[in-house]
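Some notes on the structure that comes next.
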Amino acid sequence: MATAVSRAPAPTAERVRIGDRVQVQTGVDARVRLVLLTADRDDPDLGVISVKHPAGAALLGAGEDDEVEFDIDGKIHNWLVVAIDRERQPA
C-alpha cells in the first residue's frame with residue numbers, strides 16, 4: 001500500500017519523476033537522499049529505489065512538502081518530501 005498525502009502544494013509545483021533525486025525527511029531530524037530509477041535497479045541501502053518498491057511508488061508523483069505513506073512488511077512508513085532535484089537535459 002502506497003499513498004501520498006498532499007499538504008496543498010502550489011499548482012505549479014514540481015512532481016517526482018523517474019530519475020529525480022528526492023530528499024526526504026524520514027523522522028524527526030533524519031534526512032535521506034534517494035534516487036528514483038527504472039524498475040531495473042533497486043537498492044534502498046544505497047539510496048536507489050525503483051518505482052516498483054513501495055517507497056518509490058509512494059514518491060512517484062509527490063511534490064515538495066507532500067507527505068507520503070507506504071507499507072513494508074506490515075510496517076507503515078511516513079516520509080516528507082523536502083526537495084526534488086531534477087537533472088537538466090542538455091539543450
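Derivation of every value follows stated rules applied to the coordinates shown; laboratory data play no part. Everything numeric here is computed off the predicted structure, so don't read it as measured data. Cβ placement follows ideal geometry from the backbone for every residue including glycine, while neighbour counts extend to all protein chains displayed.
Numbers below:
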{"read-out": "Förster-model FRET efficiency, 22 Å R0, Arg41 and Ala13, C-beta, rounded to 0.05", "value": "0.25"}
{"read-out": "Segment Gln23-Asp71, extension gain: residue separation times 0.36 nm, minus the distance between their alpha carbons", "value": "15.4 nm"}
{"read-out": "Local net charge near Ala58, Cβ-Cβ under 11 Å (Lys/Arg +1, Asp/Glu -1)", "value": "-4"}
{"read-out": "Residue order, fewest to most beta carbons within 10 Å, for Glu67, Glu87", "value": "Glu87, Glu67"}
{"read-out": "Where labels lie 7 Å past Cα in the beta-carbon direction, separation of Val48 and Asn78 in nm", "value": "3.2"}
